[in-house]
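Notes follow the structure.
The values are calculated or read from the model by the stated rules, or taken from the named source; none is laboratory data. These figures come from a predicted structure and were not determined experimentally. Cβ placement follows ideal geometry from the backbone for every residue including glycine, while neighbour counts extend to all protein chains displayed.
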Amino acid sequence: MDLAKSIETIEAGYEFLLAYAAQGRPAQAETGPGPHARPTLEGMAQAMAEIAGALAGSDNEFEGVIAEDCRKAGAAIKFLLAQEAIGSEIVDNLNASIHLRAVLTDLFLYSEAVEPLAEGESAQPMAYDAAKSD
């Protein structure tokens with residue numbers, strides 16, 4: 001598992017979901033021209049499952065918290081993916097979920113502790129395109 005790639009998938013996916021929620025799309029089956037939320041949600045769910053699996057047995061207490069938070073947020077995303085119709089309102093509710101926000105905050109903290117930015121270096125915006133995932 002590439003932890004950095006999984007973290008990037010989640011963080012960039014959240015940015016996509018914020019923009020998607022702001023579009024006011026009605027709840028409907030995702031067909032025709034996109035962008036669609038489902039591929040991004042699937043990528044995020046997979047990344048959370050990978051992180052949860054990799055960190056679940058860790059002796060580090062915070063890594064255990066991350067694993068548990070990924071499990072909870074992943075369950076919310078899977079619940080959303082089980083819906084036939086996905087629209088902006090339900091995505092906005094997911095974005096507001098304390099479980100998803102906990103994962104994001106965990107990962108921001110963890111990433112900075114594991115690989116802090118070098119002095120003078122600025123964070124680069126991440127772009128995730130579910131259609132181009134490996």
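Rundown of residues vs (1) under 13 Å from the mean Cα position of the chain (by Cα); (2) in a loop (DSSP other than H, G, I, E, B); (3) among the hydroxyl-bearing types (Ser, Thr, Tyr), yes/no style:
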{"site": "Glu8", "(1), (2), (3)": "yes, no, no"}
{"site": "Tyr20", "(1), (2), (3)": "no, no, yes"}
{"site": "Arg25", "(1), (2), (3)": "no, yes, no"}
{"site": "Leu41", "(1), (2), (3)": "yes, no, no"}
{"site": "Asp59", "(1), (2), (3)": "no, yes, no"}
{"site": "Phe62", "(1), (2), (3)": "no, no, no"}
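When you go through (1) surrounded by 15 or more Cβ atoms within 10 Å (Cβ to Cβ); (2) modelled with pLDDT of 95 or more; (3) among the aliphatic types (A, V, I, L, M) one by one for Ala75, which number turns out not to apply? Failed condition: (1). Filter the stretch 113-130 for residues that are surrounded by 10 or more Cβ atoms within 10 Å (Cβ to Cβ) and under 17 Å from the mean Cα position of the chain (by Cα); which is modelled with the lowest pLDDT? For the stretch 113-130, the residue satisfying everything is Met126.
Residues are listed down the side, and each one gets a yes or a no for (1) outside any helix (DSSP H, G or I); (2) surrounded by fewer than 17 Cβ atoms within 10 Å (Cβ to Cβ):
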residue	(1), (2)
Pro35	yes, yes
Arg38	no, yes
Glu50	no, no
Gly53	no, yes
Asp69	no, no
Leu80	no, no
Glu84	yes, yes
Ala102	no, no
Phe108	no, yes
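Restricting the first member to the stretch 50-66 and to residues that are farther than 16 Å from Asp2 by Cα, and the second to residues that are in a helix (DSSP H, G or I) and small (Gly, Ala, Ser), the beta-carbon pairs closer than 9 Å and six or more apart or on different chains are Gly57/Gly64; Gly57/Ala67; Ser58/Gly64; Ser58/Ala67; Phe62/Ala113; Val65/Ala102. Restricting Leu94, Leu81 to those that are among the aliphatic types (A, V, I, L, M), more than 18 Å from Ser111 (Cα to Cα) and within 12 Å of the chain's Cα centre (by Cα) reduces the list to Leu94.
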